[in-house]
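Below is one structure, written out as structure tokens, with a few remarks after it.
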Amino acid sequence: MSSKKGGAKKSTDGGKVVAENRRARHEYDILETFEAGLVLLGTEVKSLREGRANIAEAYVSPEGGELWLINADIPEYRYGNINNHEPRRKRKLLMHKREIKRLTDEVRRKGMTIVPLRMYFNHKGLVKLLIGLAKGRKKHDKREVLKRRDWERQKARLLKMSR
């Protein structure tokens, strides 16, 4: 009997969720989601396998025809040597050229933002990042969404009790 180390959770698609940005769905209206690969170093992958990552303050920036994940925190690998990675370095995202161009155009023309939503291992064991094309919410929009969510919860509770 062996125990699993690390804080990664199982996701619905068969992979392990390493990091999730729950706040993004509160702060932004997510219009569309995309899956992107990441260019990582070996010690970063080992650190991710332990379930250690934080994408809460991270964002995606289009630069020079490429997309970059900025300010994502993947802590140094515990058992790494002097060749360990830098925790908050820029990481290149891997996507199709037409998707990159489309996202870049949306950000430049319509003032949208690209936010990382979830980092996980897919069924093949590759690290993937779910990113969302998002539009920022105003304070009153956030309140309205909370009220609607609360009402839906109450409605479901009442329906459940009446059965």
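Taking segment 51-72 as the range and being among the charged types (D, E, K, R) and buried (at least 18 other Cβ atoms within 10 Å of the Cβ) as the test, only Arg52 passes. Selection of segment 34-49 for residues being among the basic types (Lys, Arg) and within 22 Å of Thr104 (Cβ to Cβ) yields an empty set. Checked against the criterion of being under 16 Å from the mean Cα position of the chain (by Cα), closer than 23 Å to Ala19 by Cα and small (Gly, Ala, Ser), segment 61-68 contains one or more residues that satisfy it. If we keep just the residues of segment 105-163 that are of a type in the set (Val, Ile, Thr) and within 19 Å of Glu20 (Cβ to Cβ), which is farthest from the chain's Cα centre (by Cα)? Among them, the one singled out is Val145.
The numbers here are math on the coordinates, done by the rules we state, and not lab data. Quantities reported herein were computed from a predicted structural model and do not represent experimental measurements. Because the Cβ atoms are built from the backbone with ideal geometry, glycine has one as well, and the counts that use them run over all protein chains shown.
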